[in-house]
Every structure is written in C-alpha cells, then in structure tokens.
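Enquirer: Got a structure here, written out as structure tokens. Questions coming.
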C-alpha cells in the first residue's frame, strides 16, 4: 500500500512540475504588424524603417474601497468620529429592505449631517439578524445598504460619497436572542471612512 501511495505522489508531483514548466514557457502575445494597404501602385521598392515594437500599456491601479488615511492623526480623528458618531442607524422590518417612515426620517437626518460635512465619505453597512442562511442575509444586507444609499442620493448626496457593504448576520449589534435584539441587528449602519 505504501508503494502505491508513493507512486501516486510521484505522479502528482511530476504532473505539477510539467504544468509549472509549461506555464513558465508561455510568452505574452505580440501584436502583428499591420498589412500594407491593398492599393499600392507598382513601382520601385521603397526602403521603410521597421515598425517600432508594440509598447505595453498598463491599466491604472484600481482605487481602494476605502480611502487610506494620510497619517496617524487623520486616522485617529476618523476613529474618534465613528466612536462618537453623529449618524443614527436606519432600522428595517423582518425580511425587508424597504425604508419605512422612521427609516426615511433617520436617513434624512443623516443626509443633513453629510451636507454640513461636505468632505465626509461614509460606508453604509447592511446588517441582518441571525435568522436565515448566511447567503440570504448577505444579499438582504446588501439590499438594505443600497436602499439607504439610494434614498440619500435622492436627497442630493453625491453617490461617490456613499459606499455600501453587506455583513449579513456576521456582526450583530445586540447578541441577544429576543425579538428586540433581532430588531437592533436589522440595520443600515453608517461608518465615516474619510473626512
């Protein structure tokens, strides 16, 4: 039995080695020189300089989801702002991503805070209670965060100042197992990510 296992490991190792060697030999494709135009009049051959080789064009680096703080002082001030956040969470009904009257009033008050602090960028975290599957709650949390963002944009907040993310049921605000605890966990939570 041990010889069979050794043989199997040797075969797997050989296949991996061959695959790695094959991948290492691949060269990036090079653009072919364009064909000459079809209507070139017959005449003496003209010396042409060879076409320059194609140049590589690098795509710009993607922008990170959250702006990075320039220094420790800026980072501390964002932490302090979030610790004593002026924003209130927007709460949702069970299995719902619709803003009710109370949710719209809370989001409107938060929009006024954003208008007074024009440099602030916020992330709205979509949260759910612990009932339901992780996949369902991630999707529901995303719909909740997007619903709050859409409402803020309708009130005149530029969309590039509001980001969204869903945490589903992963970070409950209230760890209790009561209906009241569950109602605290169904929320759109505001976090200041840049000031």
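Enquirer: Peptides 181-192, 150-161: what's the order by average Cβ count within 10 Å, highest mean first? Spell out each step's value before the answer.
Expert: Details: 181-192: 21.4, 150-161: 14.5.
Result, highest mean Cβ count within 10 Å first: 181-192, 150-161.
Enquirer: Still on this structure, please answer the following. Over all distinct Cα pairs, what is the inverse of the mean 1/r for the range 72-194, reported as the Kirkwood hydrodynamic radius in Å? Walk me through the intermediate numbers first.
Expert: Details: mean 1/r = 0.0690 Å⁻¹.
Hydrodynamic radius (Kirkwood, Cα only) of the range 72-194 equals 14.5 Å.
Just so you know, all these numbers are worked out from the coordinates, no wet-lab data involved. None of these values were measured; they are calculated from a predicted model. When we count neighbours, we look across all protein chains shown, and the Cβ atoms used for this are built from the backbone with ideal geometry, even at glycine.
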